[in-house]
Amino acid sequence: MIIREKIDKFRTLLRASMKSEDTEEWLDVHFTRPIGLAFALFWHRFGVTPNSITILSIFLGVVAGVMFSFTDTLYNVVGVVLLMLANFCDSTDGQLARLTNQRSMKGRCLDGFAGDTWFFTIYLALVLRLWNEPIPLTTVPWGIGGLALAAVAGLLSHSPQSSLSDYYRQIHLYFLMGKKGSELDSYAQEQAIVESLKGKSNAFWERAFHANYQYYCKSQERRTPAFQRFHKALMAQYGSIEQVPQELKERFLKGSRPLMPFTNLLTFNSRAILLYVTCLLNCPWIYLLFEVTIYNLMYIYMHKKHEKLCASLMQNIGEERQIKPLVILFDFGGTLDTQGCHWGKMLWHGYEAMGVSVTEEQFREAYVYAERKLGSEPLIHANDTFRRMLSVKLSLEFDYLLEKGWLTIDEQSVRKMQTRLEDHLYNKVETTIESSKNTLEQLRKRYRLGLVTNFYGNMSVVLNEFHLSNLFEVVTESAVVGVRKPSPEIFRKAVAAMQVEPRKVLVVGDSYTKDILPAHEIGCRTCWLKGEGWDKQEPEAPVSDLIIHELKSLLAYK
């Protein structure tokens, strides 16, 4: 009875580790996963961590690769056994992480590194094995030709095939099980995470993972333009995958399901079996040739069918650009108060105008210090005006510059200079906001207006200060709703408060990473108010629907 209960518990855990029959491979279901789960339960009993298992899999995979460099059958058999054990460990670490709840960014980095390391070693081993071997039907050794064939097979075939297969599986799970049942990530989302982690302590592994992963996502997205258009149209019309009609999701799944066997064939198991057979028969060049020819033909077929499926479904939902927006959501800081000029640059130009004798590098350090101080300590209160907020910010900066010894005049002179700078900046902001207000009043005749801003809980006071309160139906302020940009969630809250679909919302902001990317992520249309940025870095292919350089350009938008 006890044995039966343990078997039932094991089967329950095994089923829980599998996401969908559509995407699971027969060999994994009946062989790799059960052994991996048995290993996970075994290691769990002895307190071994998932990362330790991943490191063990790297070691096993590398040694396996070395074994394939020999022509001796015994060495090759050892290589087969070691690579199988490495694969079991790869299955084990994820299941052990779920059992022990020990997921970490370091673990994700190691897990991604493991498979790449195995196959890099394997391809290098095959090159060494073939180097002095004659090309079939000739007496000419493979030499550089073997290296070239392995490079094409590994870098130009294996790598893109695996990444696109993984992408298509995650897309299928996304439509089948929703966002929580899939690991479908985007370049925009990953880039926003990388930006949000800048300057944070104890975030090395997390930033390293996302910094590398964003380019992996970008590669997948670049090769799937039809799916990107289809997905964007869906998000614009429905807001989330959960809101997409089931009938439309089923039509996608019906077209995607026949491609899932190809996604499985283009990943580990079929490659490993082919590698084992060709090495044991001492003809590993067949593996490389198979990779370059047969696998690439499967890859091309899978890619074309998937893109065709997305293009056909796109016709049924129409282009989201044809829908007239009803709501415009504005950012405040850097948008309405400076018309696209980053506040760091706005302050620096003020320093220059007032003759503050510090370098731009010294100012930048003081600016970053003040921003972090304001973000970590409650120095701004709910009843503070914009003028008071500006005064606090400048005090922090000038105190820092004095402490560093970069301002060489007496403190009384420094404070007079600070007051003059405060007056200069406030007057400039007043003039800019008055111009913005005129544009907003005209837009309000055609659209409903809202505000989405990272602020300190005093946004209502600031809006009253500049006579803007009557222009916005909804104000979504980070300190009030408990979520900050660049999280898309703050835009979701704003859209929900306006009681409108994301596809009927235009978001206007000066920050590409904090405004444009997260708003685009949830399906809103976006307008990038592109002014003088904090640095000169620019996105290669902006996702914004509009790019303007002054706010009044919106008046021509239809």
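Here are a few things to note about the model shown:
- Any chance V368 is in the same structural domain as I548 (by TED's automatic domain parsing), β-branched (V, I, T), farther than 25 Å from S511 by Cα and surrounded by 13 or more Cβ atoms within 10 Å (Cβ to Cβ): no
- Residue in region 105-114 that is at pLDDT 80 or above, surrounded by 20 or more Cβ atoms within 10 Å (Cβ to Cβ) and under 32 Å from the mean Cα position of the chain (by Cα) present: yes
- In region 194-202, the count of residues that are in a helix (DSSP H, G or I) and free of Cβ contacts under 8 Å to residues at least 24 places away in the same chain is one or more.
- Tabulated pairs, region 379-396, first more than 13 Å from D337 (Cβ to Cβ) and free of Cβ contacts under 8 Å to residues at least 24 places away in the same chain, second of a type outside the set (G, A, S) and not in a helix (DSSP H, G or I), C-beta under 7 angstrom, 6+ apart or interchain: V392/L379; V392/I380
- Any hit, region 427-438, residues being among the hydrophobic types (A, V, I, L, M, F, W, C), closer than 30 Å to E361 by Cα and in the same structural domain as V461 (by TED's automatic domain parsing): yes
- Beta carbons closer than 7 Å, at least 6 apart along the sequence or on distinct chains, pair a first residue in region 41-63 that is modelled with pLDDT under 80 with a second that is in a helix (DSSP H, G or I) and among the hydrophobic types (A, V, I, L, M, F, W, C) for W43/I53; W43/L96; H44/L96; H44/L99; P50/L96; P50/A97; N51/L110.
- Filter pass, M302 being crowded, with 20+ Cβ neighbours inside 10 Å, in contact (Cβ under 8 Å) with a residue 24 or more places away in the chain, outside the structural domain of L126 (by TED's automatic domain parsing) and within 26 Å of the chain's Cα centre (by Cα): yes
- Residue in region 532-554 that is in contact (Cβ under 8 Å) with a residue 12 or more places away in the chain, touching an Asp or Glu at 6+ places or on another chain (Cβ under 6 Å) and among the aliphatic types (A, V, I, L, M) present: no
- In the set (1) of a type in the set (A, V, I, L, M); (2) touching a strand residue (DSSP E or B) at 6+ places or on another chain (Cβ under 6 Å); (3) buried (at least 24 other Cβ atoms within 10 Å of the Cβ), the condition left unmet by L517 is number (2).
- Just so you know, in region 115-149 the residues that are of a type in the set (G, A, S) and out of contact with any Leu (no Cβ under 6 Å at 6 or more places or on another chain) include one that is modelled with the lowest pLDDT, and it is G115.
- Every listed requirement among (1) within 27 Å of the chain's Cα centre (by Cα); (2) of a type outside the set (A, V, I, L, M, F, W, C); (3) over 19 Å from R448 (Cβ atoms) is met by R492 save one, (3).
- Within region 423-461, the set of residues being within 18 Å of V505 (Cα to Cα) and free of Cβ contacts under 8 Å to residues at least 12 places away in the same chain comprises K445, R446.
- Check on V327, surrounded by fewer than 16 Cβ atoms within 10 Å (Cβ to Cβ) and more than 30 Å from K404 (Cβ to Cβ): no
- When D22, D90, D8 are screened for being in a helix (DSSP H, G or I), of a type outside the set (A, V, I, L, M, F, W, C) and at pLDDT below 80, only D8 passes.
- Residue check for V495: under 21 Å from K437 (Cβ atoms) and surrounded by 23 or more Cβ atoms within 10 Å (Cβ to Cβ): no
- From L313, L309, residue being over 30 Å from E489 (Cβ atoms) and part of a helix (DSSP H, G or I): L309
- In a residue-by-residue description of region 173-180, the property of being of a type outside the set (A, V, I, L, M), at pLDDT 90 or above and not in a helix (DSSP H, G or I) applies to no position.
- Boolean, F472 is within 22 Å of F386 (Cβ to Cβ) and touching a Leu at 6+ places or on another chain (Cβ under 6 Å): yes
The values are calculated or read from the model by the stated rules, or taken from the named source; none is laboratory data. Owing to the predicted nature of the structure, the values given are computational and were not obtained by experimental measurement. Neighbour counts run over all protein chains shown; Cβ positions are idealised from the backbone, glycine included.
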